[in-house]
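Participant: Pasting a structure here, questions to come.
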Amino acid sequence: MFDSLEVVGWKDSVYKFVNEPLGKVLTQLERAFGVRFRLTNKSVLAQKITIKFERNSLQTVIDVIKSLTGLDYKIFKKNNNIKEILFFKNTK
């Protein structure tokens, strides 16, 4: 079934992913927010997720991904702008 939000929702800052690998989701979100996402554990990239972001802030998006995957993250800034988010498995 065709879902226009999955294809052109980005024009209205709507990002919908249905059973998509995390790697694909992060690639599209990188373009949307102009930041780089990295993972220390590449095996998580294949994890499938279903989610919809609608005009959400980058912070909300990062927190939702953290909640869905169980990964922690660290934010790297340059000139006070977020440039990269590193997701990692917390070993504590």
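Participant: Let me confirm something: among L71, L22, which residue is in contact with a Ser or Thr (Cβ under 9 Å, 6 or more places away or on another chain), surrounded by 15 or more Cβ atoms within 10 Å (Cβ to Cβ) and touching a residue at least 40 places away in the same chain (Cβ under 8 Å)?
Facilitator: L22
Participant: Hey, does the range 70-79 have a residue that's modelled with pLDDT under 95, among the hydrophobic types (A, V, I, L, M, F, W, C) and under 10 Å from the mean Cα position of the chain (by Cα)?
Facilitator: No, the range 70-79 contains no residue that is modelled with pLDDT under 95, among the hydrophobic types (A, V, I, L, M, F, W, C) and under 10 Å from the mean Cα position of the chain (by Cα).
Participant: Step by step: first the residues of the range 80-92, then only those that are more than 12 Å from the chain's Cα centre (by Cα) and of a type in the set (D, E, K, R), then the one that is surrounded by the fewest Cβ atoms within 10 Å (Cβ to Cβ). Which residue is that?
Facilitator: It comes out as K92.
Participant: Considering only residues that are among the small types (G, A, S) and more than 11 Å from the chain's Cα centre (by Cα), which ones fall in the range 11-45?
Facilitator: Those that are among the small types (G, A, S) and more than 11 Å from the chain's Cα centre (by Cα): S13, G34, S43.
Participant: Output yes when any residue across the range 21-43 is at pLDDT 90 or above, on the phi > 0 side of the Ramachandran plot and not basic (K, R), and no when none is.
Facilitator: Scanning the range 21-43, I find at least one residue that is at pLDDT 90 or above, on the phi > 0 side of the Ramachandran plot and not basic (K, R), so the answer is yes.
Participant: Can you name the residue in the range 34-67 that is part of a helix (DSSP H, G or I) and touching a residue at least 40 places away in the same chain (Cβ under 8 Å) and, of all such residues, is surrounded by the fewest Cβ atoms within 10 Å (Cβ to Cβ)?
Facilitator: V44
The values are calculated or read from the model by the stated rules, or taken from the named source; none is laboratory data. Only a predicted model underlies this, so the values are computations on that prediction, with no experimental measurement involved. All Cβ positions, even for glycine, are placed from backbone atoms using ideal geometry, and neighbour counts span all protein chains on display.
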